There are 2 protein chains.
Amino acid sequence: MSQAGKASAGVVTVTVDVVIFTLRDERLQVLLVRRRHGPHAGMWAIPGGEIRPGETLRDTALRTLEEQTGLVDVYLEQLYTFGDPDRDPQQRLVTVSHFAVVPATDVVPRTTDDADHVSWCSIKDHPKLAFDHAEILHYALKRLRYKLEYTAVGFELLPEEFTLTELQTAYEIVLGEDLDKRNFRRKILSAGVLEPSGGFRSGEGRPARLYRYRDDAVAEVKARRLFP
Amino acid sequence: MSQAGKASAGVVTVTVDVVIFTLRDERLQVLLVRRRHGPHAGMWAIPGGEIRPGETLRDTALRTLEEQTGLVDVYLEQLYTFGDPDRDPQQRLVTVSHFAVVPATDVVPRTTDDADHVSWCSIKDHPKLAFDHAEILHYALKRLRYKLEYTAVGFELLPEEFTLTELQTAYEIVLGEDLDKRNFRRKILSAGVLEPSGGFRSGEGRPARLYRYRDDAVAEVKARRLFP
DNA sequence: ACAAAAGTGTTGAGAGTACACCCATGC
DNA sequence: GCATGGGTGTACTCTCAACACTTTTGT
């Protein structure tokens, strides 16, 4: 292929994108922005931006998160790095994608210098996205579902206190399948990661006991081995 | 922090590193190179290099792999991207790390323009490494062990034909624990991913039946759910 | 015949799954 | 008193883990 010598790979722009998940209106949603500038101006995209000197990649992601939602201290992890040479016609663009999970609260998205519209959007019905962002979104969803099965990310979707039915509903929405109430409760309680907060939530029927996630809980992974 | 405007994050160098695993001498080993140039000249490091125009990140990793080992068509996956601002004092260096798994054959490492020594090295007894490469190595090992439990990477460590005892030994070496022979054989055979090649390997005792991995096998993941 | 490695079954314990009714509250 | 959602237990199946002896070959 190309025989460009070393130290001359040309100008490379490194950006960080963050797929921000939440639960709203009984659906799994992501935050999207409409780009104000650049070759994809006017198109919807995953929020993000260039890395700045002195920032770690995670710093850049956290900054993006705060700029768009005002939230700090949320669940965030690095996802995958996309760097195909033709993903942006203007420049060599390498994007380190992340995903974040924020609680189902009333977060008001904020516009920024780069984005003239910001909006929550259902995962299964999103507009056409800039670059290869649709691919990133799919990958993030796959990973979220996957991690839900063997880690405690699920709790990040809910506010600090929640009922068991709310938790079950969150799992059902993300996994896209129904779960048995009695089995769900037995399993989640026997895992020992929840504690009753003491409060109750009153609604239409019998009040539901509120729980919180024990932060001293070790949400350990016990994958069933496929082979050995 | 720094208020560098957009499109001015300065010069960023993007490199791709590849942690190459193999089995040699009853140990899990990785390929290391001794750097010929740069701030870490004379130090051992994980092989890799800068991305070139027209190359995908995977292309760069595959090229590195071929330059160092001559191997093509091996197992390779992206691992994690490291980009802390202080990992190289000279420049902003973002490294997309990968890991590869190559069969336990007699691969002769090759030196390159960048590396005056190349050598296999036991994973648990490696020299001090340049940059944050020790961290990358640890992370790669963790991921390899992890994937071994729910995918078919294990087979990539062996030549095309192998005995069940060889396969079990490979698993034991990587996982660092002993496995029960009967349970191992029952489980691996009932998974339906192996087929007898028809041959036998003669050694000290009774000849062992040779197997190969069925490339039409779907090595599906069945993680046991932790919570729901 | 003996050394050396290959090969082979059973049992008990724990986890997963399917399934239907009573309970506490607000109106 | 009734509608609404909260809360509870049991039986069957399947997978996992522990465990020891026979078979085939080379010398």
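Could you check segment A:141-178 and list, in sequence order, the residues that are among the aromatic types (Phe, Trp, Tyr), touching a strand residue (DSSP E or B) at 6+ places or on another chain (Cβ under 7 Å) and within 16 Å of DNA strand D (Cβ to nearest atom)? Residue satisfying the conditions is A:Phe162 alone. The number of residues in segment A:52-69 being in contact (Cβ under 8 Å) with a residue 40 or more places away in the chain and touching a Pro at 6+ places or on another chain (Cβ under 9 Å) comes to 5. Selection of segment A:179-198 for residues being surrounded by fewer than 13 Cβ atoms within 10 Å (Cβ to Cβ), more than 8 Å from DNA strand D (Cβ to nearest atom) and more than 26 Å from the chain's Cα centre (by Cα) yields A:Ser190, A:Pro196, A:Gly198. Of the residues making up segment A:156-190, those that are touching a residue at least 40 places away in the same chain (Cβ under 8 Å) and in contact with a Lys or Arg (Cβ under 7 Å, 6 or more places away or on another chain) are A:Glu160, A:Glu161, A:Thr163, A:Leu164, A:Ile173, A:Val174. For the residues B:Glu156, B:Glu67, B:Glu160, the requirement of being more than 26 Å from A:Tyr80 (Cα to Cα) and either modelled with pLDDT of 90 or more or among the polar types (S, T, N, Q) (or both) singles out B:Glu160.
The values are calculated or read from the model by the stated rules, or taken from the named source; none is laboratory data. Computed from a predicted structure; not experimentally measured. Quick reminder, even Gly has a Cβ in these numbers, built from the backbone with ideal geometry, and neighbours come from all protein chains shown.
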